[in-house]
Amino acid sequence: MSTAASARAADLRAGDAKAAPLGAPKTAAGKVAVWADERTGIAKGASVMLKKVFPDHWSFMLGEVAMYSMIICLLTGVFLTFWFVPSMGEVAYQGSYLPLKGITMSEAYSSTLAISFDVRGGLLIRQIHHWAALMFVVSLSVHMFRVFFTGAFRKPREINWVIGTILSMLALIEGFAGYSLPDDLLSGTGIRAAEGFMRSIPIVGSWVSYIVFGGAFPGEAIIPRLYSVHILLLPAILVGLFAAHLILVMVHKHTQYPGPGRTENNVVGFPLMPVYTAKAGGFFFLVFGLLTLISALVTINPIWAYGPYDPSPVTAGSQPDWYMGFADGALRLLPGALEFEIFGFTLSLNVFLGAILLIPVMYTITGAYPFIERWVTGDNREHHLLDRPRNAPTRTALGVAAITAYIILFLAAGNDIMAIRLQMSINDITEALRVLFFVAPVLAFWVTKRICLSLQRHDRDTVLHGRESGTLVRTAEGKYYEVHEDLDPYTRWKLVSFESPAPIAIGSGKDANGVSSKAAKKERRRAKLSRFYFKDRVEPVTPAELAAAHHHGEHEAIEAPSAAPQAVKRAKQD
Amino acid sequence: MNALAARRRHPAAIALLLVLGLALVGAAYSLFAPKPAQAAATAVSADAINEGRQLFLSNCASCHGLSAEGTKSGPTLIGVGAASVDFQVGTGRMPLSAPNVQAPRGERVMYDEKQIAAMAAYVASLAPGPAIPDEKVSSGEGGDAALGGELFRVNCAMCHNVSGAGGALTRGKYAPPVQGVEGKYIVEAMLTGPQSMPVFDDKNINEEGKASIVNYLKTFESQPNVGGMNLGNLGPVSEGLFIWIFGLALMIGTAFWLGQKAA
Ligand code: HEM
């Protein structure tokens, strides 16, 4: 019996017998690969990675632009460290920029001048570093917009959204630290402002400032400290978080836009190797090349024009880099009346709110959004298919409202420049922006939501009645009508395959015995929010509706109403 | 031509158009940007004073009064000195074309050098005031650029911006750009303090200091734009706009283009 059994087992295993061992590798690369695999077992992991599939869409490349910009910052940053001297020790400038010859300045400033004028290629690298830093924050923000408006942050990707939010905040701080290093008049003014911000923290403000600056402002410590933060601490955290971000993308697999053949359970795209890797590698060089081109053609942060930092002069048009602009704008908008005395202490809420609280509050709300939305919708399913922004009108409108508020703050940071360019009064501009900060987001919300809803209605019409072909037909009786072309099933699938949840019914807020309970109240709040989200909605065309619209008999694959969307989909996959 | 038509809708076309547009705007700007007016000091005589009085009566008295004592529509000119007239008329600010929060620098200068000198002489004859500065000071030759830079950053940058690009003041007033302004007018502006600008007399910034400021501004202007286009020297705001509009368009254009390439 045992023989029979083992014979059968052998029989069964015959099919999956180990493949014959591969012969010794022939190429050099093959030898290295085998050598590495035998010592690290890397092949298994690599093969999993290389079989990952990525969908193709230009908006999925925004995150890549951010990644490449960061890498470019890292590379050029290393070059800068070879010459930059992070010290506030004073020297008399003896370099080749004439208008500053003999001026006393910090070593940080003089070494940045040296990088700009006396180190071969130094200015180009400095400009690449700075333009890449700006591009980093720009692409990261737009990447965030993409993720937000398509609902890619939904389960299971909430953690990655939070990581992204932290990355974005740290990028701002990293940028600010770097911007402050050259110790020129503009960035020095920025540090001076930052010091003022710290002091505006109620009660502990002055201590915080003393600790950060190692004594009274400006002291000797701030540049070396910012330097450690800028080249060591934050880059390490950024790279670490970024790695986690990428790993999670691998684990979750990439999301995709809805389309035929694309389901919650698959990813349609190209494998990492070789197609995607080649594309991505090519894209890296394109990004690097374009940033280099910009840096070779356009000046950024001409610190020589600003002169060394010195606490007495202040310059018109002193602004932080754009990504800090919104905080600066908030400061310019907050009315001075928010500063008052209490128990003999001055409480500078006008500064504190804008400078210290704004950024954490903004990022907390951003980071919490997926959880808020999930709580409102009660939707606990996984989502790998993206929403078209119009199909989530309230979310889209909220996002646009938030961006509008941000833009108003950003514009406020340029109120002086607007005043001079548009020949208007800076006071009027500031007043107007104060009002707009509250009005514009509400307006933007309303307009966006209307636009989304009407786009959805338009989609419905298109599905039901086909696309206007532009061909007019004259009937025998002399009537005219326009021929509507039927949608092809691929396009139609895109237009009908979404969900439009109905709001949760509002309870009374009281439990069965008519006593208002905490839990019931919470439910009531939730129902209210749910109404806010889903009160106005357009439902996707159901197969029954489609069939009715096609009652002239040209309907195809649609039989049982409930199974129809799947039927359409399956038909396409074949 | 056909190839062009076929590519018209190519995603890269948008990026290309943007580049073209920007280049055109830049070129147009450099063509139309105001050039500093030319003028030079000339000698003064009784004839000149008389001629100046005539010119003044026919062109300026309506606002400044028949004997320059001032009216509702213009301040008195008694004691403002030749420097003030030379500055105001030489930069095209006067005669004022329309009441405004601040007299803007004129597109063109209405009078020739001799006429301006005559009016300046007339106003100077009314009461002593700052004279038109020496060539020595206004050429900036004796000055030291580095010293001038420090003086400029301490005294002028808060209104005129460190790189002299100008800046906004309250209620629609502004400090104009000082790049490209002739040395003489720079010194005269300091001497007379036009409108919201304070007076910097010789106790404040001495002649050497003034010459140094001129020298600095001229040296600064003559420095080549080592880093490339300077985006109007407006600082981080223009850099931010540039990267958002131009940089982002370039990156998205590239991503799009790459996406279109068959895998
Ligand atoms: C992704 C992250 C980074 C961002 C956003 C960033 C941003 C900046 C910015 C805006 C500046 C001011 C440049 C200027 O002078 O105009 C700067 C300066 C500098 N950065 Fe970075 N940086 C990053 C990473 C790094 C890394 C990793 C290093 C070093 C390994 C580095 C080294 C430096 C040095 C030495 C300077 C001062 C020299 C100079 O100002 O020219 N940076 N950084």
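The values are calculated or read from the model by the stated rules, or taken from the named source; none is laboratory data. This one's a predicted model, so the numbers in the text were calculated from it and none came from an experiment. Backbone-built Cβ (ideal geometry, glycine too); neighbour counts: all protein chains shown. The area values use the complete protein model at the heavy-atom level, side chains included, leaving out ligands, DNA and RNA. Shrake-Rupley method; radii C 1.70, N 1.55, O 1.52, S 1.80 Å.
I'd like to know if the range A:199-207 contains one or more residues that are within 12 Å of the ligand (Cβ to nearest atom) and open to solvent by 40 Å² or more (accessible area, probe 1.4 Å).
Within the range A:199-207, none of the residues are within 12 Å of the ligand (Cβ to nearest atom) and open to solvent by 40 Å² or more (accessible area, probe 1.4 Å).
Yes or no, residue by residue, for (1) touching a helix residue (DSSP H, G or I) at 6+ places or on another chain (Cβ under 7 Å); (2) outside the structural domain of A:G215 (by TED's automatic domain parsing); (3) within 13 Å of the ligand (Cβ to nearest atom):
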position	(1), (2), (3)
A:F79	yes, no, yes
A:G89	yes, no, no
A:T112	yes, no, yes
A:S116	yes, no, yes
A:R120	no, no, no
A:L123	yes, no, yes
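Are there any pairs, at least 6 apart or on different chains, whose C-beta atoms fall under 8 Å, with the first in the range A:278-298 and in contact (Cβ under 8 Å) with a residue 12 or more places away in the chain and more than 9 Å from chain B (Cβ to nearest Cβ) and the second open to solvent by 30 Å² or more (accessible area, probe 1.4 Å) and in a helix (DSSP H, G or I), and if so, which?
Matching pairs, first to second residue: A:F284/A:I71; A:T292/A:L124.
When both residues are 6+ apart or on different chains and their Cβ atoms are under 6 Å apart, which pairs have a first residue that lies in the range B:134-158 and is at pLDDT below 85, and a second that is open to solvent by 20 Å² or more (accessible area, probe 1.4 Å) and of a type in the set (S, T, N, Q)?
Pairs found: B:G140/B:N215; B:G143/B:N215; B:A145/B:N215; B:A145/B:T219; B:V154/A:S312.
Which of the residues belonging to the range B:233-243 are over 21 Å from B:G183 (Cα atoms) and either open to solvent by less than 50 Å² (accessible area, probe 1.4 Å) or touching a Phe, Trp or Tyr at 6+ places or on another chain (Cβ under 7 Å) (or both)?
Residues satisfying the conditions are B:L234, B:G235, B:P236, B:V237, B:S238, B:E239, B:G240, B:F242, B:I243.
Among the numbered criteria (1) closer than 25 Å to A:P311 by Cα; (2) open to solvent by less than 30 Å² (accessible area, probe 1.4 Å), which one does A:V147 miss?
(1)
I need the helices (runs of 4 or more DSSP H) fully contained in the range A:349-462, keeping only those with at least 3 residues that are touching a strand residue (DSSP E or B) at 6+ places or on another chain (Cβ under 9 Å), closer than 30 Å to A:V204 by Cα and of a type outside the set (F, W, Y).
Output list reads A:349-352.
Pairs needed: first member in the range A:93-122, within 13 Å of chain B (Cβ to nearest Cβ) and open to solvent by 30 Å² or more (accessible area, probe 1.4 Å); second member anywhere, part of a loop (DSSP other than H, G, I, E, B) and aliphatic (A, V, I, L, M); C-beta distance under 7 Å; at least 6 residues apart or different chains.
none
Restricting to the range A:216-226, and then to whatever is farther than 16 Å from A:P182 by Cβ and at pLDDT below 80, can you tell me which residue is surrounded by the most Cβ atoms within 10 Å (Cβ to Cβ)?
The extreme case among them is A:F217.
When A:E431 is evaluated against the numbered criteria (1) open to solvent by less than 20 Å² (accessible area, probe 1.4 Å); (2) within 14 Å of another protein chain (Cβ to nearest Cβ), which criterion, by number, is the only one it fails?
The one condition A:E431 does not meet is (1).
Would you check which residues across the range A:533-550 are in a loop (DSSP other than H, G, I, E, B), open to solvent by less than 50 Å² (accessible area, probe 1.4 Å) and either of a type outside the set (A, V, I, L, M) or touching a strand residue (DSSP E or B) at 6+ places or on another chain (Cβ under 8 Å) (or both) and list them?
Listed by number, the residues that qualify are A:D536, A:P540, A:H550.
B:T219 fails exactly one of the following numbered conditions: (1) more than 25 Å from A:S425 (Cα to Cα); (2) open to solvent by less than 40 Å² (accessible area, probe 1.4 Å); (3) without any contact (Cβ under 8 Å) to a residue 24 or more places away in the chain. What is the number of that condition?
Looking at each condition in turn, B:T219 falls short on (3).
Considering each of A:A327, A:A305, A:A296, A:A316 in turn, give the residue that is among the small types (G, A, S) and at pLDDT below 80.
Just a single option satisfies the conditions, and that option is A:A316.
Of everything in the range A:60-77 that's among the hydrophobic types (A, V, I, L, M, F, W, C) and within 8 Å of the ligand (Cβ to nearest atom), which residue is farthest from the other protein chains (Cβ to nearest Cβ)?
The qualifying residue farthest from the other protein chains (Cβ to nearest Cβ) is A:L74.
Spot the failing condition for B:Y111; the list is (1) part of a loop (DSSP other than H, G, I, E, B); (2) farther than 24 Å from B:A48 by Cα; (3) touching a residue at least 40 places away in the same chain (Cβ under 8 Å), and only one is missed.
Failing condition for B:Y111: (2).
May I ask you to verify whether A:A236 is open to solvent by less than 20 Å² (accessible area, probe 1.4 Å), assigned to a helix (DSSP H, G or I), within 12 Å of the ligand (Cβ to nearest atom) and not basic (K, R)?
The answer is no for A:A236.
Given the criteria out of contact with any Asp or Glu (no Cβ under 8 Å at 6 or more places or on another chain), within 26 Å of A:L123 (Cβ to Cβ) and open to solvent by 30 Å² or more (accessible area, probe 1.4 Å), does B:N206 qualify?
no
Would you say A:N380 is at pLDDT 75 or above, over 30 Å from B:I243 (Cβ atoms) and open to solvent by 30 Å² or more (accessible area, probe 1.4 Å)?
So A:N380 passes the test.
For B:L231, which of the numbered conditions (1) at the interface with another protein chain (Cβ under 8 Å from one of its Cβ atoms); (2) more than 22 Å from A:A419 (Cα to Cα) fails to hold?
(2)
In the set A:A133, A:A194, which member is within 12 Å of the ligand (Cβ to nearest atom) and in a helix (DSSP H, G or I)?
That would be A:A133, the only listed residue that is within 12 Å of the ligand (Cβ to nearest atom) and in a helix (DSSP H, G or I).
Taking the stated definitions as given, is B:Q179 within 17 Å of the chain's Cα centre (by Cα), more than 14 Å from every other protein chain (Cβ to nearest Cβ) and open to solvent by 60 Å² or more (accessible area, probe 1.4 Å)?
no
Can you tell me which residue among A:I42, A:I72 is among the β-branched types (V, I, T) and at pLDDT 90 or above?
The match here is A:I72.
Give the residues of the range A:147-185 that are assigned to a helix (DSSP H, G or I), farther than 23 Å from A:W58 by Cβ and near the ligand (Cβ under 10 Å from one of its atoms), sorted by residue number.
Passing the criteria: A:L170, A:L172, A:I173, A:E174, A:G175, A:F176, A:A177, A:G178, A:Y179, A:S180.
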